[in-house]
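To start, the structure itself, in structure tokens.
No lab work stands behind these numbers, since they all come straight from the coordinates. No experiment lies behind these values; they were computed from the predicted model shown. Neighbour counts are summed over all protein chains in view; Cβ atoms, including those assigned to glycine, are modelled from backbone coordinates with ideal geometry.
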Amino acid sequence: MNKFSQQPYLLLVLMGLTLTACGGSGDDNTEPNVPTISYPSYTSVIALGGDTTTFDASNSGHGFSTPSLNLTDDELALHLEGDANFEVSFTTAPNSEHPDQDGLGPVFNNADCNSCHQRDGRNSTPFLAADQTRVKLDSAAGIFLRISKAPDQTCTVGTADNQYCAPIKVPDFGDQLFHRGVLKARADWQNNAFVGQADVYLSYERHEVAYDDGIVVSLKKPIFEVENPYDAPDETKQSMNVTSNLLQDDVLMGWRNGMPVFGLGLLEAIPEASILANVDADDSNNDGISGRANWVFDAVKAQQGDDYPVSLGRFGWKANTPSVRVQSLGALRGDIGITNPLFPDESILGTSLHDSYLTRTGFVDTGEDVNGEPEANAEFSDSVVFYAETLAVPARRNVDNTNVREGARLFEQLKCSRCHTPSFVTKTSGDIGGLPMSDSLKSQTIYPFSDMLLHDMGEGLADGRPDFLADGNEWRTRPLWGIGLTQTVNPQAGFLHDGRAATLEEAILWHGGEAQQSTDDFMMLSQDERAQVMAFLMSL
């Protein structure tokens, strides 16, 4: 402390001495009451990803694309190989000139990984021009629909008989809606060239939220409409006699936005016991927060012959996948239509659309090439998985800024950290995704700001669609690390599971359910205090 910063304190002491000398109230010789401010322990933390952290991402559009800094030379080579494969744009098979890039579709959502995870961050939120009431999802959309049939009853314990509580597939469609297709994917391809299982349209429903100080924030909720299903092209939900499997009243649909892919290996390396320690399904401590674990089918365990192939869900908006391997290779087969060693069958295998496609084209599309191998071989698949496991977490910024520090204090005061758990320590040994874990991920103190658990977020965010043990109101706590760089990496990115929030303030205002009290308390803050919370979040 320098002599100038000491002056206010010395002035208080001198005032106290003067009062004592004049017969004032200082007879008890008490120390002057100098208030102190207590900040959370994470207020000044910079290296959110431990030794994996990158410190040069602040103003870069590629701030999420740096390899972890503690990789060996061999690991860095594998990571860079995965980086190149992550950006491969696949083509329709057969492609004699580039057979390693064929196998797209026949129906899909995007042709490469990067389109849903732009620059390893979030995808662009579909934009409506001033003269548009809705927009059709096309090749620029990094968002898609999960679909399933409504279950007859809530599934609480997964068994082989109930498919481990997995979502019930829509007959002749599956559990994901593919809005794009290769040229002859559909029997009516002359009228629907490059259309997949159906057309999807997006519009927005808007309402306003007002603070007590008069400031008004406009919120938008995405509304989707499905038309032109391949099994009944002329039907819509409003048709008199709906025959399409997709348009039945018991078909549930939910938007899914592409997530950032950095830091995933660290999240998988958090000990299971550390995550489960925060479970409070019955809210035993009466704090209004009741995080639950999702237990999900694990394709890696099934492939290895495990008698009970179920693991703790860690990834996906509803914690519906257990590992980076299942998440990455599931998306490779699902979103793009590229089979791989973990998912060797086409996602629409056995559907009328697929059977018709094979009959009309004469193409042998079993998910295997002429040598009986999946469209993406083991080397390709392993490199993409390792890439997603070892992308560096960006360092925090401006941690000494007064508003950032005050924002951290308010973040704690609002009880945001009850779900956005600040820190964990990764395990010292073991496997991730069924393979040995890289040393770069071991024994790292990390700050993801997520408990990795499911929480009821209220009706405003609900999609009504269960996913394993997650119900229609529940979502996994989104990790906050790197969130302040989201729109530096992609200025058109949105927040929340469907991209509805254009700002972090909007995202907070959508929080309901278990987070409703925190949202209410946030709305009672002054404008300056709300800005300080934003400053803290932007520092992450």
**OP:** Find the relative contact order for the chain and round it to a whole percent, using C-alpha pairs within less than 8 Å whose residues are 6+ positions apart.
**Re:** 21 percent
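Can you pull the Kirkwood radius for the stretch 464-520, inverse mean 1/r over Cα pairs, to one decimal in Å? Could the numbers behind the result be given before it?
Values: mean 1/r = 0.0784 Å⁻¹.
12.7 Å is the Kirkwood radius here.
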Original post:
Kirkwood Rh over Cα pairs of the stretch 139-206 into Stokes-Einstein at 10 °C, 1.306 mPa s: D in µm²/s?
Top reply: 110 µm²/s
**OP:** Give the shape of the stretch 197-300 as rounded, prolate or oblate, defined through the alpha-carbon gyration tensor: a ≥ b ≥ c are the square roots of its eigenvalues, a/c under 1.5 means rounded, and otherwise the shape is prolate if a/b is larger than b/c and oblate if not.
**Re:** oblate
**OP:** Please give the calculated 222 nm ellipticity per residue for the chain, where each DSSP H segment of at least 4 residues contributes -39500 (n - 2.57) and the sum is spread over every residue; nearest 500 deg cm²/dmol?
**Re:** -6500 deg cm²/dmol
**OP:** Calculate how many DSSP beta bridges within the chain are antiparallel, expressed in % of all such bridges and rounded to the nearest 5.
**Re:** 95 percent
Original post:
Ratio of the stretch 78-188's C-alpha Rg to 2.2 N^0.38 Å, to two decimals?
Top reply: 1.36
**OP:** In debye, nearest 20, what is the charge dipole magnitude of the stretch 347-471 about its Cα centre with +1 on Lys and Arg Cβ and -1 on Asp and Glu Cβ, if you could check?
**Re:** 900 debye
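Roughly speaking, what is the stretch gain from ALA531 to LEU349, that is 0.36 nm per residue apart minus the C-alpha to C-alpha distance, in nm to one decimal? Walk me through the intermediate numbers first.
Values: separation 182, 0.36 × 182 = 65.52 nm, distance 5.12 nm.
Difference between extended and current length: 60.4 nm.
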Original post:
If you average over every viewing direction, what projected area does the convex hull of the Cα atoms of the stretch 439-479 give, in nm²?
Top reply: 4.0 nm²
Original post:
Could you name the aspartates and glutamates in cross-link range of LYS237, using Cα to Cα under 17 Å and dropping any fewer than eight places away on the same chain?
Top reply: ASP199, GLU225, GLU227, ASP249, ASP250
Original post:
For the modelled label position 7 Å from the Cα of ALA210 along Cα-to-Cβ, which residues of the stretch 512-537 have backbone nitrogen atoms closer than 19 Å?
Top reply: 520-527
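Could you give the length gained by full extension between ALA378 and SER284, i.e. 0.36 nm per residue of separation minus their alpha carbon distance, to one decimal place?
Length difference between fully extended and current span is 29.2 nm.
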Subject >> Inter-part distance where the stretch 438-481 and the stretch 230-266 are each reduced to a Cα centre, Å >> reply: 22 Å
Original post:
Between THR361 and SER38, how many nm apart are label points set 7 Å from Cα along the C-beta direction?
Top reply: 6.4 nm
Subject >> Pair THR428, ASP520: separation of 7 Å Cα→Cβ label points (nm) >> reply: 4.6 nm
**OP:** Starting with the highest mean, order 107-119, 236-248 by the number of other Cβ atoms within 10 Å, averaged over the residues of each peptide.
**Re:** 107-119, 236-248
Original post:
How large is Rg/Rh for the stretch 398-441, to two decimals, with Cα atoms and a Kirkwood Rh?
Top reply: 1.24
Original post:
Taking a ≥ b ≥ c as the square roots of the eigenvalues of the Cα gyration tensor of the stretch 245-340, is the shape rounded (a/c under 1.5), prolate (a/b larger than b/c) or oblate?
Top reply: oblate
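Between ASP74 and GLN413, what is 0.36 nm times their sequence separation minus the Cα-Cα distance? Round to one decimal in nm.
Length difference between fully extended and current span is 117.5 nm.
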Subject >> Simple label model, 7 Å out from Cα along Cβ direction - ASP51 to ASP152, nm >> reply: 5.5 nm
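Of the GluC sites (Glu not before Pro) in the stretch 388-473, which ones lie in a loop per DSSP and count no more than 11 other C-beta atoms within 10 Å?
Numbers: sites: GLU389, GLU406, GLU412, GLU459; in loops: GLU459.
Here the GluC sites (Glu not before Pro) that fit, given the DSSP loop and packing criteria, are GLU459.
Would you kindly calculate the translational diffusion coefficient of the stretch 33-136, applying Stokes-Einstein with the Kirkwood radius from alpha carbon pairs, for 10 °C and a viscosity of 1.306 mPa s, and quote it in µm² s⁻¹ without decimals? Display every interim value, and only then the final one.
Numbers: Rh = 18.3 Å.
For these conditions, the coefficient is 87 µm²/s.
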Subject >> the stretch 399-506 - Kirkwood radius from inverse mean 1/r over Cα pairs (Å) >> reply: 16.4 Å
